[in-house]
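The values are calculated or read from the model by the stated rules, or taken from the named source; none is laboratory data. Note that the coordinates shown come from a computational prediction; the quantities given were computed from them, not determined experimentally. Note: ideal-geometry Cβ built from the backbone for every residue, glycine included; neighbour counts use all protein chains shown. We work out accessible area using only protein heavy atoms, side chains counted, and drop any ligands, DNA or RNA first. Shrake-Rupley method; radii C 1.70, N 1.55, O 1.52, S 1.80 Å.
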Amino acid sequence: MTGSGGKRATADSFDRAAAGYVASRVHREGADLDRIAEWGSGADRALDVATGAGHTARALAGDGVEEVVAADAAPAMAATADGIEGVAGVVADAERLPFGTGFDAVTCRIAAHHFPEPDRFVAEAARVLHPGGTLILEDNVAPADPALDAFLNGIERLRDPTHVRSYSVPEWRSMLSRAGFEVLDSVSFSKTLTYDDWVERIDTSAERRERLVRRFADPPEGAVERFSIEYGAEGVRSFANPKRLFRASIPE
C-alpha cells in the first residue's frame, strides 16, 4: 500500500483504532520503552514520529525532556498525544516532516513498518536533528531466512493491510548508513502478543481472521521456535514479535 491514497487509508485505520492503542499494554509499557526514555533523556527538545497513542512521547516528557513534539498522520492519534503534559501533538507525514532543524532527539517506536518509503523518513530525521543529535528507532524486524521473513510479513499484512514491510536488521543498518547515521548502540527485544488481542486491536475482518488461522496452522519450518508460537485447543494463543532498537547519530 503506497502513495497518498495508501497513507490516507493508514491514517484512517489508526484513527479508528486509537482507543485500542491507548489501552494496549504492549504499546504503553516495556523494557524497550524504558530504554528509549533513557537514551532520549539528555535532549532538551525531542520529536516522536508516528507517535500513535503517545506512549513514547509521554515517557520522554516524564524522563526530563523539556519539550516533546508528537507527530502522527492520524489526527486522532495526534490529539491523544496532545493531551499529555509537556507534549504537543501535530498531524504530520513521517516522510515529509513539517519542521526545520531544531531537535536534539528523534524517536520512532514500532511504526516504520507502515511507512511506504522508510528511507525518506530516515533522511527526514537526519534533516531535522541538530548536528550530533540522536535518532532512536525501534521496529519489528524480519529474520534473515526468506521463508520466515515471508511468514512474518504475510501474517502482519493479513491482520492489518496498512502493514508495508518489516525489514531485516542489515536493511535498517543500510538505510541509516545511507542517511549519514552512525549506529552507536543496538538492542534486540521480543514482545509476546496474545493472539486474540492482536487481531481485535484493529478489528481484523472475519475473512482475514480465517486466513490467519490457516497460516498459523501450517507455518514454515522453524517458525514455531523463532516466533515462540503457542497453541491451545482452539488454535494459536500467542506468538513473539522480534524487534530491534537502534541509537544512531550523524557525526559532527
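Taking label points 7 Å from Cα along the Cα-to-Cβ direction, Thr194 and Glu234 give a separation of 1.2 nm. The calculated Kirkwood hydrodynamic radius for region 91-210 is 15.8 Å, given to one decimal from all distinct C-alpha pairs.
Summarising the amide proton neighbourhood of Thr51: residues at separation of 5 or more, or on other chains, whose placed amide H is nearer than 5 Å comprise Ala71, Asp72.
Treating only the Cβ of Lys, Arg, Asp and Glu as charged (+1, +1, -1, -1), what charge dipole size does the chain show about its Cα centre? Round to the nearest 20 debye. Display every interim value, and only then the final one.
Details: 29 positive and 41 negative charges, 111 e Å.
My answer is approximately 540 debye.
Modelled spin-label separation between Glu252 and Ser41, with each label point placed 7 Å from Cα along the Cα-to-Cβ direction: 2.2 nm.
Annotation: per residue accessible area for region 58-163 equals 34 Å², rounded to a whole number [probe 1.4 Å, protein chains only]. Would you give the gap between the C-alpha center of region 204-252 and the C-alpha center of region 98-137, rounded to a whole Å? What the calculation gives is 27 Å, centre to centre. Value of Rg to Rh for region 202-252, rounded to two decimals, is 1.21; Kirkwood radius and Rg both from alpha-carbon coordinates.
Quote the convex hull volume per residue of the chain, based on C-alpha atoms, as a whole number of Å³. Present the calculation step by step, with values, prior to reporting the outcome.
On the way: hull volume 28.1 nm³, N = 252.
Here the figure is 111 Å³ per residue.
Note on the chain: with neighbouring protein chains present and a 1.4 Å probe, carbon and sulfur make up 47 percent of its accessible heavy-atom surface.
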